[in-house]
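Since every read-out is calculated from the coordinates, none of them should be taken as a lab result. Everything numeric in this text was worked out from a predicted model, so none of it was measured. So basically every Cβ, Gly included, is an ideal-geometry build from the backbone, and we count neighbours across all protein chains shown.
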């Protein structure tokens, strides 16, 4: 479902809400009534914003899924919808990772204004998470490596590996140090690390980067810049 066309996602047990949001914002909103199904498919969607109803029916609270949704879409604004104006619900939603809230019934100006403001904030955050190493531009938000007109998308673990190596550009890091920084306390084999190193090395090669990942026997791994 990932595409260049803008759309939002509406998580609400009322099937008419996504139609109202679509009409008011002028941006198509995809409907979901089941939060678990939405999260399971998160890799297939790249929405501009996600609207989450607090009361999803059948004793399901949208508050229980905000943290998971935030982790699945760290750079997408999450806007809570509720007809309950109790401050504790709104406060809990914001504490769990929501970016804003809108009250039901919707007021077009408020809905559009809050959505656009939060989208702009997230866009600024994405730009702040972009940095260059040699001739490669890395975008953390999209796990993207870019060199000139060529782009490579890497997995989350490969992105963490690149971050660790790039922040220590030119320094040799032991494999144990890298595993600790990439996987935390999770125990992984050296073979697992070697596979991620190989994948990252191949991605850099595909975009003609001057960066190279070198493995030094008995010492560790280093990210270096090599002249063409």
Quiz item: Share of antiparallel DSSP beta bridges in the range 67-207, in percent to the nearest 5?
Solution: 75 percent
Quiz prompt | Acute angle (nearest 10 degrees) that the helix 156-167 long axis makes with the longest principal axis of the chain, alpha-carbon atoms | solution = 60 degrees
Practice problem: With springs connecting C-alpha atoms under 10 Å apart, model the chain as a Gaussian network and identify which of 69, 126, 20 has the largest mean-square fluctuation. | Solution: 20
Exercise. Measure nothing fancy, just the Cα-based angle from helix 190-206's long axis to the longest principal axis of the chain, in degrees from 0 to 90, nearest 10.
Key: 90 degrees
Practice problem: Please give the helix 63-72 orientation as an angle from the longest Cα principal axis of the chain, in degrees from 0 to 90, rounded to the nearest 10. | Solution: 30 degrees
Quiz item: Which value, in nm² and rounded to one decimal, describes the direction-averaged projected area of the C-alpha convex hull of the range 130-225?
Solution: 5.5 nm²
Quiz item: More than 23 Å apart: what percent of Cα pairs in the chain qualify?
Solution: 56 percent
Quiz item: If the viscosity is 1.002 mPa s and the temperature 20 °C, what translational diffusion coefficient in µm²/s does Stokes-Einstein give for the range 8-126 when Rh comes from Kirkwood over Cα pairs?
Solution: 153 µm²/s
Quiz item: Semi-axes, largest first, in whole Å: what does sqrt of 5 times each Cα gyration tensor eigenvalue give for the range 174-218?
Solution: 22, 11, 9
Quiz prompt | Separation of the residue 92 and residue 205 label points, Cα + 7 Å toward Cβ, nm | solution = 5.3 nm
